[in-house]
1. In terms of modelled amide H atoms, which long-range or inter-chain residues lie less than 5 Å from the amide H of TYR71?
2. 5 Å is the cut-off here: which amide hydrogens, built 1.01 Å from N in the peptide plane, fall below it relative to LEU98, excluding neighbours closer than 5 in sequence?
3. Per q in 0.18 1/Å, what log10 I(q)/I(0) does a Debye calculation on the alpha-carbon atoms of region 2-114 return?
4. Given that just one value was derived from the coordinates, which of [x] 20.5, 61; [y] 17.1, 50; [z] 18.2, 53 is Rg and Dmax of the Cα atoms in Å?
5. Mind putting a number on the dipole of region 2-114 about its Cα centre? Charges go on the C-beta only, +1 for Lys and Arg and -1 for Asp and Glu, and I need it in Debye to the nearest 20.
6. Specify which residue in the list ASN242, ASN37, PRO131 is farthest towards the positive end of the charge dipole of the chain, using unit charges on the beta carbon of Lys, Arg (+1) and Asp, Glu (-1), about the Cα centre.
7. Relative to the present Cα-Cα distance, how much length would full extension add between ASP13 and SER43 at 0.36 nm per residue of separation?
8. Using the Karplus equation 6.51 cos²θ - 1.76 cosθ + 1.60 (θ = phi - 60°), what ³J(HN,Hα) coupling, rounded to whole Hz, does each residue of region 42-53 give in order, writing x for Gly and Pro?
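Every read-out reported here was derived from the displayed coordinates using simple, explicitly stated rules and does not represent laboratory data. The model shown is predicted, which means the values in this text are computed figures rather than measured ones. Note that we place each Cβ from the backbone using ideal geometry, even for glycine, and neighbour counts take in every protein chain shown.
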Amino acid sequence: MIETYVFFKVKNDFIIENSSEKLHGLFFKILKNTQINTEKLHSQKNKPFSLSPVYEYGYDKSITKFSKNKYFFFRIASIQDDLILSFVKALTLNSTELFLDKYPIYIDEVITETYQNKDIQNEITINFVSPVTFRGPNNINIPIPDPLHIINFLKKYGINDIDYPKITYIEGKSHVMKYSSFKLIGFVGKMKIKTHTPKSYLILHYLGTGYSHAKGMGVTIIDAATTANQKIRYIWKRWGINA
């Protein structure tokens, strides 16, 4: 399991209403230059990666306005290492010819961290950085981080060794994610749980949580994942995560 933060700059001012849709397209365009079967990946109902919106470095909310005097980043993580490693390799080889929608972007730095298998405590904090929602019967969206929804979500990826946790703390609010033709409401905040299977929940750190997690929704940071990188630690702190 692996996560990557991509930092970039722009030379012109512009507006993109939902950067996640454009990043999703850029991600697949870059992967076409790799051995990854992009058609198969695109058709997968349960995609094995999490893609964030674009954030301005030092701020906790996704942005729509891009300025040449600012510094931006996005995060992509996956439970499949080859997916991210292939993306990073192709990204660095083609970094001089990248466009977000129709606007050129210039890669400044790429930081990649892999999962370190280690013992973790039974109490963990799940931080929902971007809005989390679940798709219920009749395509009804459920913007509540109910553990049962999370468990059912993980089971779609073959994660069956997982218990129903005890919630010891929850704090958050609803937030709207705008797409080109619709809007989604989700939960942004944190939930602390006690569980006998913390490593199963740790997978959310690399997979994201819930509906449309491959297009900006459900970006999830688990505090037990930890990071020693100061730049990433700063981002997590701005997201309200104890790093």
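1. Distant-sequence amide H within range of TYR71: TYR57.
2. ILE105
3. Values, matching the q order: -0.90.
4. The value computed from this structure is option [y].
5. Computed about the Cα centre, the dipole is about 300 debye.
6. Result: PRO131.
7. Going from the current span to full extension adds 7.4 nm.
8. 5, 7, 5, 5, 9, 6, x, 8, 10, 10, 7, x
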